[in-house]
Structure formats: structure tokens, C-alpha cells
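The values are calculated or read from the model by the stated rules, or taken from the named source; none is laboratory data. Please read these numbers as outputs of a predicted model, since none were measured by experiment. We place every Cβ from the backbone using ideal geometry, glycine too, and count neighbours over all the protein chains shown. Just the protein is used for accessible areas: all its heavy atoms, side chains included, with ligands, DNA and RNA removed. Shrake-Rupley method; radii C 1.70, N 1.55, O 1.52, S 1.80 Å.
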Amino acid sequence: MNKTWNNKAWFMVLPVLFLVAISAIIPLMTVVNYSVQDTFGNNEFFWAGAEWFEEMLTSDRFWAAMGRNLLFSGIVLLIEIPLGILIALNMPKSGWGVPVCLVLMALPLLIPWNVVGTIWQVFGRVDIGLLGYALREVGVDYNYVSDPFDAWVTVIVMDVWHWTSLVVLLCYAGLVSIPDAYYQAAKIDGASRWAVFRYIQLPKMNRVLLIAVLLRFMDSFMIYTEPFVVTGGGPGNSTTFLSIDLVKMAVGQFDIGPAAAMSIIYFLIILLLSWVFYTVMTNYDAASDGERRDG
Amino acid sequence: MDLSWMAWTLPTAIFFGTILLLLVSMAVWEYVSPGGNPRVGVLRFETTRGDRLFVSLLGSAFIHLAWLGLVGPNLWWALALSVVYAIGVFRFV
């Protein structure tokens, strides 16, 4: 089929291009400029070449923060995705329970990130926090301020509490879009609960699950505010993720050059992962459409 | 307009100028010889010319970083490798 192309439509994109240029491209260009120079303030810059990139790539501090970030993202994905599916499967499909559940699920998502951090910072305190105090009373030696393991548990549980709802809502949207005919056919075939999940619900949720994995991975990989408010990156450096380390370097130490180099490496990794996820998603859609046409 | 806060240098200006030139060249190429429709290459998924440019640029960035981290600060060989890689991407991906 011949399509009619109208390239004048590109002019409609110009306002967006202008906004993106101001909010993203110009700052990114500036970061690239900073990454090859050194400065001591007063708007004076000295050429450093690839020195900061080399320093970053051979720095234990950078790779340690990267490792913590990957570990954190892996753990939260392993918890949030199955938990989100489980909750979505058990949510009511009709009646008054639907709006109630949806509102309850949406509540954590409406809370600003720094407030979530503050809530969990107070909640986990052993002297006045409900969680910390209760755990201490039942004999659990919990203190997220001094114990790295407790700090990790707190940050992970906080993220699960904050973001599982997103996975739930996406999965729920996928589940309610499945026509009843599928369930009726499964019932006629005498399919088990597991078979219905494995061969009907899971394939139908695939697309939203990919979006959920993409969003949660990106977001957890760029996490800053919540762990910063709760632990400040500590105890020691145990919860210092890339973004926290970056801010410490840029704002705390005023090492603009190394921080800019680190930003670019961080940005490239995010860009690569986004592209991989996007490619997988779009090709999965194309393959599904092809199967539908052929089938 | 004072742009001194952007801390421009000649090498970074050349770098961004090259990227701009590549984008303009892609547009001219498509205008002169249309053919940017998706095709399936060695990666077994559809790519357009734009996709292949993106993959080339992103891959080149990682080639430079890997060279810097594993070999050393002389990046001319990394640049040469990136050009070979980009030609490979445009030819086979």
C-alpha cells in the first residue's frame, strides 16, 4: 500500500525540539564540556582531556557504586515484579472493591520521594519509629543507622512499598483487558489455575510487564532521593549508589570535571539499557502482530 | 549572549559539530537516495538508517570508554576501531 508522506508535519515538532534543547541537549553539551576540563571556580577552566574518564574507569569507588546500584536494581525487580503480579491477580475485577483497591494502590505513588524517605527514616528509628522500636522490642537487633545490612533492608523495603503499586496497576490494566472468552474456553478445557495464569494471563500481560520492568529498572538504577534521605549513603558507603556518589562529588567536593565524566558514563549506560529494552519491546510487539496475522 | 558558563573548547565544539554534520548528512542521504526503510540484519530485528547511526554512535562511545579503561589515553586507535565498527553496523545490521 502506498502511503502519503507529508513532511510539513515535522514543523509541528519544532516547539518540542526547542524545549528539549533547553532542558536536555544544552545541559548535556555543558556536561560534556566540563568533563574534559578542570575548574577551581570563578568560571575558569583548564583542559584535562580524557583524564577524568580514565580516572573514573579505573576508580574502585565508581565500580563499587555501580555494583551496589546493579545489586539494588536486581533485588527490587526480583521482589516487585512477582509481588506486583500476585497482588494484581488477587484484586477484584468488579464491584466496589475495584475503586477502593485502585485508590489504595495509587496512594504510595502520589507521595513525593523526599517525603517517602522521611517517612521511612522516622519509621525505622529505634528510639521513636514504629518499625525500629517494634523490632527492638521483639528482640531483633535492628539499626539502619549503624548496620549496613539493616540499611539495605530498609532501603529495599521502602522501594518495594513505594513502587510495587506501579507494577500492580500496570499488571491489573493488562489483566482486565483479557476478554472473558479466553477464561470461558479455559473453563471448558478444564484448565487449572496455574494453566490459566501460564497460558492466558502471563502472555497477555507480557507487554505491560516489559514496560513495568523497563520503568522499574530505569528508576531504581537512577534512585537518589529516598536512600539519600534515609541513610545519606551510609553507614560508611554501604548505600552510596551512583547518583548519590555523583552528587557528593559534584556538589560536596566540587570536583566538577570527574563528576561530569561520571555523569556521561552513567548516562551512556542508561541510554544503552533503554535502547535494549525499547528494542526488545518493539520487536516483541512486531513479532506478536506477525503471529496474530499469520495465525 | 554570554555562553562562557558552557565552557566551550575547540575539541568539544568539533565533536558536537561532527554529530550535527552526521545528522544533516543522514537527512541529505535520505533525500537524495531514499531507502531508510527498516531492514532485518545480523541482529535479526528491523533497523532503519537512523537506528544504525544511533547504534554506531552509542557503540563508538563504549569502544572509546573500553579503550580508555583497558588500554590507555591514546584514543586514535579507538577512533579507527569505531569507524570500522560503524561501517560494519551500516553494512550488516
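Computed values, structure above
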item: Computed accessible area, residue B:16, all protein chains, 1.4 angstrom probe, square angstrom; result: 40 Å²
item: Members of region B:49-72 that become less accessible by 10 Å² or more once partner protein chains are added (1.4 angstrom probe, chain alone as reference); result: B:54, B:55, B:58, B:61, B:62, B:65, B:68, B:69
item: Convex hull of chain B built on C-alpha atoms - directionally averaged projected area, nm²; result: 8.3 nm²
item: Interface residues, region A:47-63 - accessible area loss of 10 Å² or more versus chain alone, probe 1.4 Å; result: A:47, A:50, A:53, A:54, A:57, A:58
item: Local net charge near residue B:68, Cβ-Cβ under 12 Å (Lys/Arg +1, Asp/Glu -1); result: -3
item: Hull volume in cubic angstrom per residue (convex hull over the Cα atoms of the protein assembly as shown); result: 221 Å³
item: Accessible carbon and sulfur surface of chain A relative to its total accessible area, %, 1.4 Å; result: 68 percent
item: Chymotrypsin sites (Phe, Trp or Tyr not before Pro) restricted to DSSP loop in region A:107-216 with at most 16 other C-beta within 10 Å; result: none
item: Environment charge of residue A:166, counting only residues whose C-beta is closer than 13 Å and scoring Lys/Arg +1, Asp/Glu -1; result: -2
item: Accessible area buried, both sides summed, chains B and A with 1.4 Å probe, Å²; result: 2100 Å²
item: Residue A:90/residue A:157 FRET efficiency (R0 22 Å; Cβ-Cβ; nearest 0.05); result: 0.60
item: Shape parameters for region A:64-294, alpha-carbon atoms, Rg then Dmax in Å; result: 20.8, 68
item: Cβ neighbours within 10 Å from other chains - mean over B:7-13; result: 6
item: Residues of the protein assembly as shown: accessible area per residue with a 1.4 Å probe, Å²; result: 59 Å²
item: Using θ = phi - 60° and Karplus 6.51 cos²θ - 1.76 cosθ + 1.60, couplings along region A:132-141 (whole Hz; Gly, Pro as x); result: x, 5, 5, 4, 5, 5, 8, x, 8, 7
item: Scattering curve values for region A:157-253, log₁₀ I(q)/I(0), Debye with Cα scatterers, q = 0.13 Å⁻¹; result: -0.62
